[in-house]
Amino acid sequence: MDRHFIQSTHRDSHKVKKTQVTELLRQLEWIFRRNGYTIRYVKGHFRGGACRVYQDKIVVINTMYPPVGRVRMLAAIAETLADRLDLSTEEKHLIERLGF
């Protein structure tokens with residue numbers, strides 16, 4: 001999967017199989033969970049992001065985003081928090097590949 005696809009709009013999501021997007025989403029979610037973050041999918045009028053509520057590390061993603069949008073948002077958050085995440089070399093490459 002190339003960087004162009006992830007940056008494209010959800011209308012272009014037919015270019016890659018749904019299973020590939022689902023696998024990317026699963027991998028990104030695992031990175032956050034393994035690093036102690038809770039991922040919450042919430043409906044609303046917001047972009048999403050990472051925050052700390054007291055000692056809890058939380059990533060909030062808008063449920064109205066299509067799967068490709070969720071992958072883009074998680075990759076952007078992971079790129080922002082890369083210095084705070086324990087990432088393998090493979091995971092660093094994945095985030096770089098999906099990054100903006």
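Each value in this text was obtained by applying a stated rule to the coordinates, not by laboratory testing. In this text, all values refer to a predicted model and were calculated from it rather than measured experimentally. As a convention, Cβ positions derive from the backbone with ideal geometry for all residues, glycine included, and neighbour counts pool all protein chains shown.
Each of Arg40 and His93 was given a label point 7 Å from its Cα along the Cα-to-Cβ line. The distance between the two points is 3.6 nm.
Given the stretch 15-95, what percent of its DSSP beta bridges are antiparallel, to the nearest 5? Here the antiparallel bridges make up roughly 50 percent for the stretch 15-95. Hey, with R₀ at 41 Å, roughly what FRET efficiency would Val53 and Thr22 work out to, going by the Cβ-Cβ distance, to 0.05? Efficiency, from the Cβ-Cβ distance: 0.90.
Exposure proxy ranking for Phe46, Phe32, based on other Cβ atoms within 10 angstrom of each Cβ and starting from the fewest, stands as Phe46, Phe32. Within the stretch 15-95, the percentage of alpha carbon pairs spaced more than 20 angstrom apart rounds to 29%. A straight Cα-to-Cα reach below 20 Å connects Lys43 with the aspartates and glutamates Glu29, residues fewer than 8 places away in its own chain not being considered.
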